[in-house]
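The values are calculated or read from the model by the stated rules, or taken from the named source; none is laboratory data. Nothing here was measured: the structure is a model prediction, and the numbers come from that model. No Cβ is skipped: glycine too gets one built from the backbone with ideal geometry, and neighbour counts run over all protein chains shown.
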């Protein structure tokens, strides 16, 4: 009988340890489900799923190099000699529009350049800002598409 009592005493402890193990496994399972649900909600409900970067197809582009331009700068003591190149998508409509409006685009470029002083153009930030202003001005003239970038082939201030 003593043996039976020892076995009876061990059985409740085994049942208690099994219950603890089941409870711990259940808690781990629920946490995993919660984390998974949070991830799904974050990416789908908040609209972030479409913003995960994918390898996008590169759009084909082409460029147009304007003739060299020499302009007096706003401070009148210096002039700028530069060749501006614009990059734009390779599609028939925008190519035709850029060809047709070439003179307007060049005039817009000259107007922006003439409004600058040496101090405006003497730093990397200044030339980056100039490129942005030229791009905005050129895109303001275009209706069938937009130029993507502006580059300088030459850039000489004297």
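Against the test of being at pLDDT 95 or above and either under 17 Å from residue 74 (Cα atoms) or surrounded by 13 or more Cβ atoms within 10 Å (Cβ to Cβ) (or both), the options 135, 121 yield a single qualifying residue, 135. Taking the listed residues 127, 62, 99, the one that is under 24 Å from residue 146 (Cα atoms) and surrounded by 14 or more Cβ atoms within 10 Å (Cβ to Cβ) is 127, with no other qualifying. All of (1) part of a helix (DSSP H, G or I); (2) more than 17 Å from residue 65 (Cβ to Cβ); (3) touching a residue at least 24 places away in the same chain (Cβ under 8 Å); (4) out of contact with any helix residue (DSSP H, G or I) (no Cβ under 6 Å at 6 or more places or on another chain) hold for residue 139 with one exception: (3).
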